[in-house]
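The values are calculated or read from the model by the stated rules, or taken from the named source; none is laboratory data. Fair warning: this is a prediction, and the values are worked out from it, not measured in the lab. Reconstructed Cβ throughout: ideal geometry from the backbone, glycine too, with neighbour counts over all protein chains shown.
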Amino acid sequence: MPPPVILPELAGLTAARQAIPAPLRPWLPAIGLGLGGWVATDALLRLSHLPLSPGFTLAGLALAAWWLRRPRPIGPTATDVPGWLERLEQLQVQFAQLEEEAAEAPQLRATQLAALREEISRPGLMLALVGTQPPGVDLQPALVEALRGPESLLLHWAHPLPAWSAAWSWPPLFEACDGLIHHLRTPLSAADLRWLEALPSGQPAWLLVDRGNQTQDPLAAELESQLGPELAQRLLFWDGQPQSLAGSLAPLARQLASTAPALRRGRQLRRLQQLHGRWQSDLERLRRQHFLPLQRRTQWLVAAGVVAAPLPSLDLLVLAVANGLMLRDMARIWNCPWTLEQLRAAATELAKASLALGVVEWSSQALAGVVKWHGATWLVGGAMQALSAAYLTRVVARAMADMLALSVGVPEPDLAAIQRQAPLLVSRAAEAEKLDWAAFLEQARQWLRSQSAAGLPAAGV
């Protein structure tokens with residue numbers, strides 16, 4: 001394959017960029033904007049004769065440069081309904097890049113997204129009356145009439161919630177509601193409290209408490225101590241008589257009338273986020289399936305490189321890890337737009353953290369027995385250092401995968417944030433890899449046998 005043709009102008013720009021010190025390169029866009037803004041502002045001042053001082057201009061340019069280079073959070077930010085739909089469509093594209101053509105999952109996801117599009121376009125409000133001991137169905141007309149307002153209302157009268165559940169997970173129908181009316185009888189049962197704890201995050205719920213003959217104020221204080229202040233604000237007390245139901249539900253009816261658009265929008269965003277979260281989890285599992293063979297292949301490529309050219313110091317192991325091996329493939333798997341230089345910088349921070357946390361020292365001690373066990377390779381040049389480099393690569397690769405998973409949607413890395421988070425990412429990766437230590441040892445033995453069979457020179461030969 002012929003080498004790519006590089007125009008002289010592009011070669012000059014590349015050479016000029018390389019001549020700039022590395023710490024200043026991320027600031028190039030901000031510096032360019034500052035210089036361009038300075039020239040434009042100076043020209044406008046000369047033409048308009050506005051009484052603006054150069055100090056004021058410098059302050060404005062400095063603010064613009066800071067805005068461009070401000071720390072960016074790792075992970076996606078909140079967005080609106082069209083934005084979440086766009087994200088789901090992007091996830092479909094990423095699934096298609098990693099899945100086999102014969103997979104049935106794409107059709108299932110397409111069906112889920114179509115159903116959700118139909119759901120979020122639903123007018124009016126949908127509520128459900130739930131509880132372990134719901135009132136009789138004969139009260140349904142009175143309850144619907146009590147909640148009637150300017151918005152159309154669809155009310156589901158649910159079957160009793162089970163007194164025990166293995167997962168304590170609310171059915172999808174209830175998650176699709178704009179709100180729940182949870183009917184409670186006092187004293188509260190353990191099942192009532194458990195179902196309330198399992199409410200989906202962000203799901204509005206009001207508690208219709210059948211107080212019977214109990215006095216309301218002492219009962220309200222008792223329930224607040226059991227439920228917490230947030231749910232205590234949504235208590236609706238009812239004496240159990242049909243004729244008083246409308247009065248008990250009047251505060252809820254007024255709230256539904258005034259906040260129906262907000263409830264509907266909240267339900268749309270909540271449902272989109274729920275589907276996005278499920279798809280993101282499925283996609284991450286698929287990415288890890290593609291990553292594991294890459295991780296195993298790269299760790300032994302690094303080990304073979306160390307055997308061929310032993311490194312004089314542990315500090316140089318950083319170069320072995322961050323030399324670009326696997327980084328391009330990892331960027332493709334995680335759909336990461338970072339440049340190879342940025343990926344190397346992030347991997348280097350993780351490798352440095354690994355060395356600082358003693359990953360190499362621990363692996364060297366643990367691997368000593370493996371090399372001694374395989375006596376034929378005890379004298380293979382650099383065997384111990386090669387295996388330690390392989391394990392270091394394994395840990396850094398896993399930490400890099402965790403970081404890329406957290407950085408989905410981030411256009412460029414925040415090295416300062418990565419440097420702060422590197423020890424935690426590496427410690428988690430090292431702990432996870434220790435759980436798979438037996439598999440690594442078996443791979444190490446197989447690799448040592450292959451190196452011995454290849455007839456590599458012994459140390460000192």
Original post:
How many of the residues making up segment 158-174 are closer than 19 Å to ALA191 by Cβ and outside any loop (DSSP other than H, G, I, E, B)?
Top reply: 1
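From the list LEU256, LEU301, LEU294, which residue is touching a helix residue (DSSP H, G or I) at 6+ places or on another chain (Cβ under 9 Å) and either of a type in the set (Val, Ile, Thr) or not assigned by TED's automatic domain parsing to the domain that holds ASP436 (or both)?
Details: LEU301 fails: either of a type in the set (Val, Ile, Thr) or not assigned by TED's automatic domain parsing to the domain that holds ASP436 (or both); LEU294 fails: either of a type in the set (Val, Ile, Thr) or not assigned by TED's automatic domain parsing to the domain that holds ASP436 (or both).
The conditions single out LEU256.
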Subject >> Among the residues listed as SER407, SER427, the single one being under 21 Å from GLN280 (Cβ atoms) and of a type in the set (S, T, N, Q) >> reply: SER407
Subject >> Residues that are closer than 24 Å to PHE174 by Cβ and assigned to a helix (DSSP H, G or I), drawn from segment 223-243 >> reply: LEU223, GLN226, LEU227, PRO229, GLU230, LEU231, ALA232
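So for segment 402-419 (the condition being of a type in the set (A, V, I, L, M), within 15 Å of ARG296 (Cβ to Cβ) and at pLDDT 85 or above), does at least one residue qualify? I'd like the intermediate steps shown before the answer.
Applying the first criterion (of a type in the set (A, V, I, L, M)) to segment 402-419 yields 403-406, 408, 410, 415-418.
Restricting the remaining residues to those that are within 15 Å of ARG296 (Cβ to Cβ) gives none.
No - not one qualifying residue is present in segment 402-419.
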Original post:
Filtering segment 106-133 down to residues that are of a type in the set (Gly, Ala, Ser) and free of Cβ contacts under 8 Å to residues at least 12 places away in the same chain, which residue is farthest from LEU249 (Cα to Cα)?
Top reply: ALA114
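Test MET326 against the stated conditions and say whether it is at pLDDT 80 or above, on the phi > 0 side of the Ramachandran plot and under 26 Å from the mean Cα position of the chain (by Cα). Talk me through it step by step, then tell me what you get.
On the way: at pLDDT 80 or above: yes; on the phi > 0 side of the Ramachandran plot: yes; under 26 Å from the mean Cα position of the chain (by Cα): yes.
Yes, satisfied.
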Original post:
In segment 83-109, which residues are small (Gly, Ala, Ser) and not in a helix (DSSP H, G or I)?
Top reply: ALA102, ALA103
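Test of understanding: among ALA246, ALA257, ALA250, ALA220, which residue is in contact with a Pro (Cβ under 8 Å, 6 or more places away or on another chain) and either in a helix (DSSP H, G or I) or on the phi < 0 side of the Ramachandran plot (or both)?
ALA257
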Original post:
What do you reckon, is SER189 among the hydroxyl-bearing types (Ser, Thr, Tyr), surrounded by fewer than 17 Cβ atoms within 10 Å (Cβ to Cβ) and touching a residue at least 12 places away in the same chain (Cβ under 8 Å)?
Top reply: yes
Original post:
Any residue in segment 241-248 that is among the aliphatic types (A, V, I, L, M), surrounded by 15 or more Cβ atoms within 10 Å (Cβ to Cβ), touching a Leu at 6+ places or on another chain (Cβ under 6 Å) and closer than 21 Å to GLY149 by Cβ?
Top reply: no
**OP:** Identify all residues within segment 166-181 that are touching a helix residue (DSSP H, G or I) at 6+ places or on another chain (Cβ under 7 Å) and surrounded by 20 or more Cβ atoms within 10 Å (Cβ to Cβ); write none if there are none.
**Re:** ASP178, GLY179, LEU180
Subject >> Failed criterion for LEU184 (all others in (1) within 26 Å of PRO261 (Cα to Cα); (2) assigned to a strand (DSSP E or B) hold) >> reply: (1)
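Does segment 110-143 hold any residues that are assigned to a helix (DSSP H, G or I) and buried (at least 19 other Cβ atoms within 10 Å of the Cβ), and which are they?
Of segment 110-143, the ones assigned to a helix (DSSP H, G or I) are 110-120, 137-143.
Passing the criteria: LEU116, LEU143.
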